[in-house]
Amino acid sequence: MPQCLIPGCSNNGEHNLAIRCRRPDTSAIWAPNSEAFLCNQHADQGYRIEINLVPVAARSITTVISAGGIVETRTTAIIHRSVE
């Protein structure tokens, strides 16, 4: 099991962070999981999340997540079209 992303925490990270782009009907255009996980204690504490969008023409989503320590990165292909 992965370790919690929060620096200094040695708990198992049971909760996976993800991001989603939704259509007006609430279905997802894309919704990749990241490689970042939080333990129960840190999942409940609350956060300020900053998102920096950098357009790329690769039909993929790369998540880069850090809590001030290790940076977790994952790239996922976009498999749906924005209009279906």
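What are the residue pairs meeting all of these: first residue in segment 1-13, first residue closer than 14 Å to Asp44 by Cα, second residue of a type in the set (Gly, Ala, Ser) and in a loop (DSSP other than H, G, I, E, B), Cβ atoms under 8 Å, and 6 or more apart or on different chains?
Cys4/Ser10; Cys4/Gly13; Leu5/Gly13; Leu5/Ala67; Leu5/Gly69; Ile6/Ala67; Ile6/Gly69
Quick check on my filter: what residues within segment 55-65 are in a strand (DSSP E or B) and either free of Cβ contacts under 8 Å to residues at least 40 places away in the same chain or over 12 Å from the mean Cα position of the chain (by Cα) (or both)?
Of everything in segment 55-65, those that are in a strand (DSSP E or B) and either free of Cβ contacts under 8 Å to residues at least 40 places away in the same chain or over 12 Å from the mean Cα position of the chain (by Cα) (or both) turn out to be Ser60, Thr62, Val64.
Tell me which residues, restricted to segment 60-79, are on the phi > 0 side of the Ramachandran plot and surrounded by 11 or more Cβ atoms within 10 Å (Cβ to Cβ).
None; the set is empty.
Restricting the search to segment 66-79, which residues are in a loop (DSSP other than H, G, I, E, B) and under 19 Å from Ala28 (Cβ atoms)?
Ile78, Ile79
Quick one: in segment 1-32, which of the residues that are among the aliphatic types (A, V, I, L, M) and not in a loop (DSSP other than H, G, I, E, B) is surrounded by the most Cβ atoms within 10 Å (Cβ to Cβ)?
For segment 1-32, the residue satisfying everything is Leu17.
Scan segment 33-54 for residues that are part of a loop (DSSP other than H, G, I, E, B) and surrounded by fewer than 17 Cβ atoms within 10 Å (Cβ to Cβ) and jot them down.
Asp44, Gln45, Gly46, Tyr47, Arg48, Ile49, Glu50, Ile51, Asn52, Leu53, Val54
A short reminder: the numbers here are calculations on the coordinates, not readings from a lab. Treat the numbers as computed from the prediction; the structure is a model and nothing was measured. All Cβ positions, glycine included, derive from the backbone under ideal geometry; neighbour counts span all protein chains shown.
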